[in-house]
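Working notes for the structure below.
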Amino acid sequence: MSRAVKRAFKYRFYPTAEQAAELARTFGCVRLVYNMALAARTEAWTLRQERVNYNATSTMLTGWKKTDELAFLNDVSSVPLQQTLRHLQVAFTNFFAKRARYPTFKSKKKSRRSAEYTTSGFRYRDGRLTLAKMTAPLDIVWSRPLPRGATPSTVTVSQDSAGRWFVSLLCDDVIEQTPATGQVGVDAGLDSLLTLSTGEKITNPRHERRDRAALAKAQRNLAKKETGSANRAKARLKVARVHARITDRRRDHLHKLTTRLVRENQTIVIEDLTVRNMVKNHSLARAISDAAWRQFRTLLEYKADWHGRDVVVVDRWFPSSKVCSACGALAQRMPLNVRSWTCPCGMSHDRDVNAARNILAEGLSVIACGGGVRPQRVDARTGRSSVKQETQRVTAGIPRL
Ligand SMILES: [Zn+2]
C-alpha cells in the first residue's frame, strides 16, 4: 500500500547581501501587515462585535499599499503578505474553536523571522529556486535530494536567532507502507530519556552535557556585558548559536528514534504526560523535558500516520511503576530512589522497564476492546477508570491490520 503525503524538506542557504536585504525587508513587512490586520480585527471585535475575515483584511492591505506612509509595502513580493493574512485567519479560526489563545502581535526581537511563498511567488526549475523580486536563484545546500520529480507547492524562507538562513520546500511525496509486527510501550522515566518495554534505554544525545555547560557559560558571559554594547550583541549571538546546536542535536536524535520506532512496530503506546503532571507528583523529575516530549510525540504521530501505524496514548490513573508487569500485583510503596525491585511472584524489575511494559499492556487492552480485556483499574481518588474515554475515541477509528 502507498500513501500520498505532503512533506517538507528543509535546507540551509547562503543569500547574497542583496538577497539578505530583500528578505529582511520582506520579514519586516510581513510582521507589520500581520500586526496591523490583527489590530484591525481586534478593534472591530471589541468595539463593534464584528468579525473581520481574511477577505476583508486582504482589501485593507490593498488600501494600505495606496497610502504614502505604507507605499513601501509595494517594494516586496505581495505573496508573503497575503500568506501572513491567511496565517492570521488560521490563528483566529483556532481561537474561535477554542484550540488556541487569542493571537498576539509579532515582536521584532522574539518572533520567528519568516516569509511564505506560494507558487506565484517563486520559480523552481532544474533544481534552482528563485524567489519573487530576485534575479538570481538561492544558493541552497542540497543536503538530501527532493523526491524524484517533486515540485514544491509552498516555499518558506526563515532566519533563526543564530543568523542562519533556511528554506523549507513543501512537496508531494509517496510513502510505501510496509507491514511491521512489533509492539512497544514507551516510558518517560527517571534515569534515561525514554525507556522501552523491550528493556532498551534511550539516553540523551551525545555531547548534551557538554553543550549544556557551554550554554551556561555563554549565558553567564552575556549577563556581564553592558546593555546596548557591541560586545553584548556578540555575546547574545554566541548564546543563540549554542542554543541552536542543542535544539538541532535534540531534533536529530528524536527524528532517528521515532523513525526507528515506526519502522519496527505496528503499535506504539505512550502515556499522556500532561495528564500525569496534572494529577500529582511535582517531585517526579523526568529525564525528558516537556519540550522534548512534545516534539517526540509530534514526530511519532505524524510518522505513524504516514506509515499506517497505531499510536495509542494512555492516561495513567494507576501507579504503573508500582504494578508488577508479570503478575499484576500492586506493590505498597515505590519511593523515587527505588530503581529496581522484586515482586513476591519472584520477578525482578527495573523500575522504568516495568512501567513501559505496563504502558504497553494498557495500550493493547484499549485496542482489544476499549480497555475491557482486563479488569479495569479504578483510581481510588477520582473513581475514574485508568483509561479515559477520550483516549478510546482517538484510537477507535484506526483500522487494525
Ligand atoms: Zn509479580
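May I ask for the angle, rounded to the nearest 10°, between helix 351-369 and the longest principal axis of the chain, with both axes built from Cα atoms and the value confined to 0 to 90°?
80 degrees
Between the stretch 103-154 and the stretch 304-369, how far is it from one alpha carbon centroid to the other, in angstrom?
Cα centres, the stretch 103-154 to the stretch 304-369: 45 Å.
How about the stretch 156-231: which GluC sites (Glu not before Pro) there lie in a loop by DSSP and see at most 16 other Cβ atoms within 10 Å? Provide the component values of the computation, followed by the final result.
On the way: sites: 176, 200, 208, 226; in loops: 200, 226.
Answer in residue order: 200, 226.
Full-extension gain between residue 144 and residue 130, please, as 0.36 nm times their residue separation minus the C-alpha to C-alpha distance. Walk me through the numbers before you get to the answer.
Numbers: separation 14, 0.36 × 14 = 5.04 nm, distance 1.90 nm.
Net length gain for the segment: 3.1 nm.
Order by neighbour count: 67, 84, 130, fewest other Cβ atoms within 10 Å first, most last. The partial results should precede the final answer.
Numbers: 67 9, 84 24, 130 14.
Taking fewest neighbouring Cβ atoms as first place, the list is 67, 130, 84.
Quote the charge dipole size of the stretch 2-176 about the Cα centre in Debye, to the nearest 20; the model charges only the Cβ of Lys and Arg (+1) and of Asp and Glu (-1).
That gives a dipole near 600 debye.
Report the charge-dipole magnitude of the chain in Debye, nearest 20, computed about the Cα centre from +1 at each Lys and Arg Cβ and -1 at each Asp and Glu Cβ.
On the way: 70 positive and 35 negative charges, 248 e Å.
For the chain, the charge dipole is close to 1200 debye.
Please rank 207, 87, fewest neighbouring Cβ atoms within 10 Å first, as an exposure proxy. If you can, show how the numbers build up before the last one.
Numbers: 207 12, 87 15.
In increasing order of surrounding Cβ atoms, one gets 207, 87.
Could you work out the relative contact order of the stretch 2-176? I mean the mean sequence separation of Cα pairs under 8 Å and 6+ apart, divided by the number of residues, in percent. Before the final figure, lay out the partial values.
Details: 233 pairs, mean separation 64.3, N = 175.
Result for the stretch 2-176 is 37 percent.
I'd like the orientation of helix 208-224 relative to the chain: the angle between its Cα long axis and the longest Cα principal axis, in ° from 0 to 90, rounded to 10.
It works out to around 50 degrees.
What nm distance separates the two modelled labels at residue 229 and residue 95, each placed 7 Å from Cα along Cα→Cβ?
4.2 nm
Which trypsin sites (Lys or Arg not before Pro) from the stretch 318-370 combine a DSSP loop assignment with at most 16 other Cβ atoms within 10 Å?
On the way: sites: 322, 333, 339, 351, 357; in loops: 322, 333, 339.
Here the trypsin sites (Lys or Arg not before Pro) that fit, given the DSSP loop and packing criteria, are 333, 339.
Want the number for residue 59 to residue 347: 0.36 nm per residue separation, take away the alpha-carbon distance, what's left? Working shown, then result.
Values: separation 288, 0.36 × 288 = 103.68 nm, distance 7.02 nm.
Residue separation times 0.36 nm, minus the Cα-Cα distance, leaves 96.7 nm.
Relative contact order, percent, of the chain when contacts are C-alpha pairs under 8 Å separated by at least 6 residues?
Working: 563 pairs, mean separation 63.3, N = 401.
Once normalised by length, the contact order is 16 percent.
Placing +1 on the Cβ of each Lys and Arg and -1 on the Cβ of each Asp and Glu in the chain, which of 8, 82, 158 has its Cα farthest towards the positive end of the resulting dipole?
Selected residue: 158.
For residue 302 and residue 247 in the same chain, what is the full-extension length gain: residue separation times 0.36 nm, less their Cα-Cα distance, in nm? Don't jump to the answer; show the numbers that get you there.
Details: separation 55, 0.36 × 55 = 19.80 nm, distance 1.96 nm.
Full-extension gain reported as 17.8 nm.
According to a simple spin-label model (label point 7 Å from Cα along Cα-to-Cβ), what is the distance in nm between residue 333 and residue 45?
5.2 nm
To the nearest 10 degrees, how steeply does helix 17-48 sit against the main Cα axis of the chain, on a 0 to 90 scale?
Rounded to the nearest ten degrees, it is 80.
By count of other Cβ within 10 Å, fewest leading, how are 95, 296 ordered?
Working: 95 13, 296 25.
Neighbour counts put them in this order, fewest first: 95, 296.
Find, among the trypsin sites (Lys or Arg not before Pro) in the stretch 196-235, those assigned to loop by DSSP (not H, G, I, E, B) with at most 14 other beta-carbon atoms within 10 angstrom. All intermediate terms of the calculation are to be shown ahead of the outcome.
Working: sites: 201, 206, 209, 210, 212, 217, 220, 224, 225, 232, 234; in loops: 206, 225.
The qualifying sites are 206.
Just grab the label-to-label distance for residue 123 and residue 18, each label 7 Å out from Cα along the Cβ direction, in nm (one decimal).
Result for the modelled spin labels: 1.4 nm.
Which value does Rg/Rh take for the chain over its C-alpha atoms, Rh per Kirkwood? Don't skip to the answer; put the middle values down first.
Values: Rg = 25.3 Å, Rh = 24.8 Å.
Radius of gyration over Kirkwood radius for the chain works out to 1.02.
Where a number appears in this text, it was derived from the coordinates with a stated rule and is not lab data. This one's a predicted model, so the numbers in the text were calculated from it and none came from an experiment. No Cβ is skipped: glycine too gets one built from the backbone with ideal geometry, and neighbour counts run over all protein chains shown.
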